[in-house]
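Right, one structure below, let's go through it.
The values are calculated or read from the model by the stated rules, or taken from the named source; none is laboratory data. Note that the structure is a prediction, hence the values are computed from the model and not measured. Backbone-built Cβ (ideal geometry, glycine too); neighbour counts: all protein chains shown. Protein only, heavy atoms only, side chains kept; ligands, DNA and RNA dropped before computing areas. Shrake-Rupley method; radii C 1.70, N 1.55, O 1.52, S 1.80 Å.
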Amino acid sequence: MTSFDETVMSDDGTKSTHKKKTKKPAWYRRMEESFCDFAEHTSSHGIPRAYTAPNSVKRALWMILFFLCLGAFCFQATLIIKRFLRNDIIVGVELKFENIPFPSVTVCNLNPYKNSLARSLGSVRDTLLAFDTAIENSNPSGQSRRRKRAISTPEPSLVSSKCAIATDTGMYFAISEQPDFNEALLNHVDCYCLHSQRHERNYECAPVEAWEAAECQCSDGNGICERFSYQESGENSTNGNIVPCSCRRRTSWSDELCVANEFDQLTPSWPLKFSHHHCTCQSAQPDAPCIANKTATTSCLCASPENSESLYCAPESSWTTHQCSDCNWHSECRKTYIVGSASDKEQQCLCHGSKCLAVTANENKPVMTKKPTPISSPDDGSVRVRRQVHRVYEKIYNRYDGLLAVYSVCECEDGMCQAHKDHVNGSICLCFFNRKNGQIWPCYPPDFWSERRCHHCCPLGDCTFAETEGKLPCVCAAIIRMCVRIEESTTSTEMQPFANDNGTSSQLAEEVKLLPLADRIPKIWEITTTTELPEPEIVQEKEAAYGFKGVSDPVAIRAKASENLVFAVSSLDETQKSLLSYTKTEMITKCSFNGRQCSVETDFDDYIDPTFGNCFTFNYNSSENMTSERAGPYYGLRFQVFVNITDYLPTTEAAGVRLTVHSPVEQPFPDTLGYSAPTGFVSSFGIRLKRVNRMPEPYGDCIVQGKTDEYIYRDKEYSTEGCQRSCIQKYLVRACGCGDPRFPKYMNKTNCPVGNSFLRACLRRELRKAAYDPTCHCPQPCYQQVFSVSYSAARWPASTSSLSDCDPSLTPQQCLQFYRDQGAFIEVYFEQLNYESMLESEAYGLPNLLSDFGGQLGLWMGISVISIFEMVILCGELLYNMFYCLLPEATRSDSMRSERRFAARMSSRRRYPYPNGSYRFEDAFPRPYILNGNVFRRGSPPLPHVESGYDIVRNIR
């Protein structure tokens, strides 16, 4: 390689000069100068070594080593950059001891709605009736135990009810529990009444003391019987129609009324046997046994071991069924009130006072048939014991649901009228319309009816005819002494317009307008609800919507019925939903927090959950900082609940409450994130807090603010579960046009009705797809409080001594059993007053990248930051030289002077060859420098002739 011109070395070592053929351009010489200067003076070790190598072999070796190191560096640099771009994080876990805010605790009854109230609403009632039918049909034999009970009670049956006495007739009639229907009745008594299941009415009422237990002979199975006498029929009568009954003397005539009772057919356990005898009871104690006596009139049930004449007798009406345990080999047991006793097996007994005898119920036999087996049958030895008379309230009908007076078009002859379905031809008459069966009867001309004030009207709508005036508005037909309640008259005398859009003649319309009660009595053709049965298509559509077809498993039926119940209740407004469920004071009876009494009314807030009805949240206000003073159950939240299992829906499978622990700003989800607490136990929930701080993109997948307008839980903060439910509801609304009532409404869109089979099928089909919707992205929140819960339970109450508010009418054991059946005790507390903090941070940041990058450069290339700047300066010089050469001639003429100075400098430089053929350049007239106080030109004197290193150090000082 030769330099610009001048001296070259010949093969024999002599200098020779020659003229170049062509002169290289200035830009080339500039770039060559910059490259040579960089290669000779750079701080990177490999490049000067290769440039100043004495021969080609060493130069090649240095170049190979340089490129190997460069390749190794590039490989390591790639790994470093990939690691940096992965955005790895590290999680720091720390246990912090600080004041911990108490979480929100939401509790719900496992039974969402009261059975007594739910069956009074149309859509909910239809849903429950469909469930009852599905359960009855689920038994492979075609008859389930539930169905046997439904058809076993005779028509009519004896029930307990409240009743009052009519002032005009002196007869007792059933009254409603609701005071609105009986404002004028101040006194009421407990009565036994006949109950019609078909019409849901109570009649033939009399006080309880007017009825007496007896044995009756029922021949036709309709429930009305005749008293049976053993004296007339003989001691060993085996008449097959003898059943337990209750009898009373009627007040208006001398004949006796006897009604068959519901009973259980029981078989004594070995070695006992039962028999019927007449006996004499001499002791005044009700629990004392009686003595068998053939001449006595009292009918007794006697028990004795087989092959023994020893009898234990007591009146038949005094024997009751009860649970017992600890039976001996004589089948004599001890009465128990505890569910799950020590023997772990309960026995059904027939008890007289404290005397209990083991029996077995005959499940395979109906409770009541048209031809029941005899009382003392020699083939099976079973007996029948009356059940307790249960209370049945009359159903309260709304307008157009019960019995009402209507105007109809009739054909009348001799004062008797026959109503017609059509209303085109005929005359106007006034009729009784039974909404339940669609019957329009009796009917009379309008002048046969008169407006009156009745004393009493039944919930069905019919009123008691009386000569004196009462307070309830009614219209009566004096010819048959029947009345029906009507609307109260208004102050306005303007009559309601008569509809003439159904083909009614104008003459008929004018005739109705002239009637005195036209504005208060509806017309049969104006009632929107038809009297005919529903169309088969509508019935089939509802059955398909309920989803019970082809399902025979009771567990699956109950799950489907619970879903249908949610759909049915969703059609109600918020007020109606709240009234169907339990209130705060009904469910939560006692509570304490931090060892101090709390207020149920103010410390708990209610909200309506689609699955569990009314739920109640403790510590619902996020602005109040409620903290536990110490760890442990006595310094947390403790409360007692009453679940009222007697009013549970048939779809509810477990008794207890559902509890969930969550942050006050988050929506509770008791159906998926809750814990069940059973009745009869104290359920302890120990909680631990974990605070998580996540890093957002690009390090993680969390979201700082995820709540949007499409988030369905508008009053709460963002959560992953709420986001997923919002996505599902959004997908269902777009696919089916309506939402799932198990979730809140999406953008005020309506939810699907319970009886629409097409929309219900659409929801079931699209719900499977909604779970895998690719457009749904629900990242975790960047800041979250997670509460971990541990559960433990113990029997509650411990004993009768721990109960202080028992009903006086209950024995201690009965009170204990009542609390274990109906109540539960809940404890929610911190196990430790510390929390676990999980903080995410970047594992490999920019400082780590620069450090590792510089280390790899120094290791493989010997390059430092100075070397990098040298490369930057070299690139700058090259760009400048290229840019300068691209300038036009006019511009470059201004720089000719500097160009000439550069050429003169280059021509004056001396060229010294390296052994490898390269050159180094030095100025012909070196610039002076100062050494040991003397001025020298560069190269003279040479460095080896410097006096000493001590002189250099001295001069530097």
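Can you flag which of Lys471/Lys523; Lys590/Lys690; Lys162/Lys355; Lys690/Lys745; Lys690/Lys716; Lys114/Lys707 are past 28 Å Cα-Cα?
Violating the 28 Å Cα-Cα cut-off are Lys590/Lys690; Lys162/Lys355; Lys690/Lys745; Lys114/Lys707.
For the peptides 105-114, 40-49, what is the packing order when you average, over each peptide's residues, the other Cβ atoms within 10 Å and list the highest mean first? Spell out each step's value before the answer.
Values: 105-114: 25.6, 40-49: 16.5.
Put in order of decreasing packing, that is 105-114, 40-49.
Rank Ser283, Ser246 by accessible area, highest first, at a 1.4 Å probe radius?
Largest to smallest exposure gives the sequence Ser283, Ser246.
Ignoring ligands and nucleic acids, what accessible area does Ser676 show with a 1.4 Å probe (Å², nearest 10)?
The accessible area of Ser676 comes to roughly 60 Å².
Of Asn619, Ser592, Ala568, which is farthest along the charge dipole of region 555-668 in the positive direction, counting Lys and Arg as +1 and Asp and Glu as -1 at C-beta?
Value: Ser592.
Name the residue farthest towards the positive end of the dipole of region 613-762 from the options Val754, Ser684, Leu637, assuming +1 on Cβ of Lys and Arg, -1 on Cβ of Asp and Glu, about the Cα centre.
Of the listed residues, the answer is Val754.
Along region 798-803, what does the Karplus equation 6.51 cos²θ - 1.76 cosθ + 1.60 (θ = phi - 60°) give for ³J(HN,Hα), rounded to whole Hz, x for Gly and Pro?
5, 7, 5, 6, 8, 9
Multiplying the sequence separation of Arg765 and Ser809 by 0.36 nm and subtracting their Cα-Cα distance, what value in nm do you get? Write down the numbers at each step before the final one.
Working: separation 44, 0.36 × 44 = 15.84 nm, distance 5.51 nm.
Gain on stretching Arg765 to Ser809: 10.3 nm.
Between Leu85 and Ser552, how high is the FRET efficiency from 1/(1 + (r/R0)^6) when r is the Cβ-Cβ distance and R₀ = 45 Å? Nearest 0.05.
0.15
Provide the FRET efficiency to the nearest 0.05 for the Val865-Ala794 pair, computing r from the beta carbons and using R0 = 41 Å.
Plugging the Cβ-Cβ distance into 1/(1 + (r/R0)^6) gives 0.05.
At 7 Å along the Cα-to-beta-carbon direction for both Ser592 and Gln439, put a label point, then send me their distance in nm to one decimal.
It is 6.2 nm.
Between Ser622 and Ser802, how many nm apart are label points set 7 Å from Cα along the C-beta direction?
3.8 nm
What FRET efficiency comes out for the pair Met416/Glu467, r = Cβ-Cβ distance, R0 = 25 Å, nearest 0.05?
0.50
Whole angstrom only: what separates the Cα centroid of region 837-877 from the Cα centroid of region 260-334?
One Cα centre to the other: 101 Å.
For region 675-760, what is the relative contact order in percent, using Cα pairs closer than 8 Å and at least 6 residues apart in sequence?
Computed value for region 675-760: 16 percent relative contact order.
Mark the label point 7 Å from the Cα of Leu117 along Cα→Cβ and return the residues of region 664-683 whose backbone N is within less than 19 Å of it.
none
Extension gain Val665-Arg688, at 0.36 nm per residue separation less the Cα-Cα distance, in nm?
6.5 nm
Please list, ordered by chain and number, the residues whose modelled amide H lies under 5 Å from the amide H of Phe263; skip anything fewer than 5 residues away on the same chain.
Amide H neighbours of Phe263: Arg387.
Relative to the present Cα-Cα distance, how much length would full extension add between Glu94 and Glu543 at 0.36 nm per residue of separation?
155.8 nm
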